[in-house]
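Notes to accompany the following structure.
The values are calculated or read from the model by the stated rules, or taken from the named source; none is laboratory data. As the structure is a prediction and not an experimental result, all values here were calculated from the model. Heads up, the Cβs are rebuilt from the backbone with ideal geometry, glycines too, and the neighbour counts pull from every protein chain shown.
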Amino acid sequence: MPASRRLLGLLAEAAQLTGWLVADAGDPAGALAAYRTALAAAADAGDRPLAAHVLGSASHLLAGHGDPRGALLLARSGMAGAGRAAPATLRALLLHRVAFAAALCGERRAAHDALGQAATAAARRDPAQDPPWLYWLDEAELSAMTGRCMAALGRPLRAEPLLTAAVSRTGQPRTAALYGAWLARVCLDLGEVERAGEVAGDALLDAVRSGSARAAAEVVGVRPRLAAHRDVPEARRFAELATACRPYLPEVARTGAPKAAQIRSD
């Protein structure tokens with residue numbers, strides 16, 4: 001491989017990671033700009049799997065900022081562009097991006113189909129064949145992503161054990177906060193308000209420990225639903241804890257919601 005293409009590949013990897021970090025810090029517009037740089041560099045390097053991963057990352061960003069249709073478009077574009085040589089782990093990840101965006105769009109059949117295909121791809125994965133930028137994706141993370149998608153599909157009974165395992169296994173406060181927020185929503189869907197308040201409280205403290213704006217936003221997003229149960233002590237305690245923690249929670253930048261067209265514009 002020519003040196004120029006190797007350098008472009010390294011630039012694409014660095015820009016993709018930058019986008020992830022900027023998104024987690026609460027600047028979605030800045031993250032999308034970094035993903036644009038990553039996508040252009042990956043395309044120039046001829047690295048189709050990495051370009052597909054960048055599109056998947058951008059999809060996940062849009063899914064979390066109120067644009068599920070744009071997220072679904074980018075996720076499907078990533079799948080289409082990954083190529084037949086894409087490793088099974090990447091295919092599993094991209095199919096999870098499709099499934100989650102489809103679930104948020106209310107396309108239940110498409111979401112379930114993508115989840116089934118993701119499970120098939122995951123069963124065929126060989127970590128030794130994975131590119132280094134997929135180091136973080138393992139069976140436990142794929143299972144947790146399935147739980148989150150089941151929650152988005154309104155299937156709390158399927159989601160609960162997967163999300164409980166995700167929160168229990170992780171030693172990383174950011175991950176625990178993110179999946180804890182989803183678990184709290186699932187508990188509310190199941191009518192377990194007391195547990196929802198306890199889980200949300202733990203997730204809020206994890207968000208403070210992590211310093212992640214994204215994690216903080218996910219947990220704070222549970223507050224309105226718990227506020228409807230002020231008669232439940234655990235819900236009241238969460239509201240009090242949220243007020244006490246507010247000065248310690250990172251804020252999301254006020255840059256406007258990112259749009260799918262921005263990742264592909266010139």
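Against the definition (closer than 24 Å to Gln16 by Cβ and either crowded, with 16+ Cβ neighbours inside 10 Å or not assigned by TED's automatic domain parsing to the domain that holds Ala25 (or both)), how does Ala80 come out, yes or no? It is false that Ala80 is closer than 24 Å to Gln16 by Cβ and either crowded, with 16+ Cβ neighbours inside 10 Å or not assigned by TED's automatic domain parsing to the domain that holds Ala25 (or both).
Consider region 232-251 and keep the residues that are in a loop (DSSP other than H, G, I, E, B) and buried (at least 16 other Cβ atoms within 10 Å of the Cβ). The one that is modelled with the lowest pLDDT is Pro250.
Is it the case, given these coordinates, that Arg97 is surrounded by fewer than 21 Cβ atoms within 10 Å (Cβ to Cβ), at pLDDT 95 or above and part of a helix (DSSP H, G or I)? Criteria not met by Arg97. Of note, Ala123 does not satisfy the criterion of being among the aliphatic types (A, V, I, L, M), buried (at least 20 other Cβ atoms within 10 Å of the Cβ) and farther than 23 Å from Leu10 by Cα.
For (1) outside any helix (DSSP H, G or I); (2) among the hydrophobic types (A, V, I, L, M, F, W, C); (3) without any contact (Cβ under 8 Å) to a residue 24 or more places away in the chain, each residue gets a yes or a no:
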position	(1), (2), (3)
Ala34	no, yes, yes
Leu39	no, yes, no
His60	no, no, no
Arg91	no, no, no
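Only one entry of Ala118, Ala166, Ala144 meets the criterion of being within 17 Å of the chain's Cα centre (by Cα) and assigned by TED's automatic domain parsing to the domain that holds Ala25, and that entry is Ala118. Per this entry, Leu95 is not counted among residues that are within 22 Å of Ala217 (Cα to Cα) and either of a type outside the set (Ser, Thr, Tyr) or in contact with a helix residue (DSSP H, G or I) (Cβ under 8 Å, 6 or more places away or on another chain) (or both). Here Ala128 meets each of (1) assigned to a helix (DSSP H, G or I); (2) free of Cβ contacts under 8 Å to residues at least 40 places away in the same chain; (3) in contact with a helix residue (DSSP H, G or I) (Cβ under 9 Å, 6 or more places away or on another chain) with one exception, condition (3).
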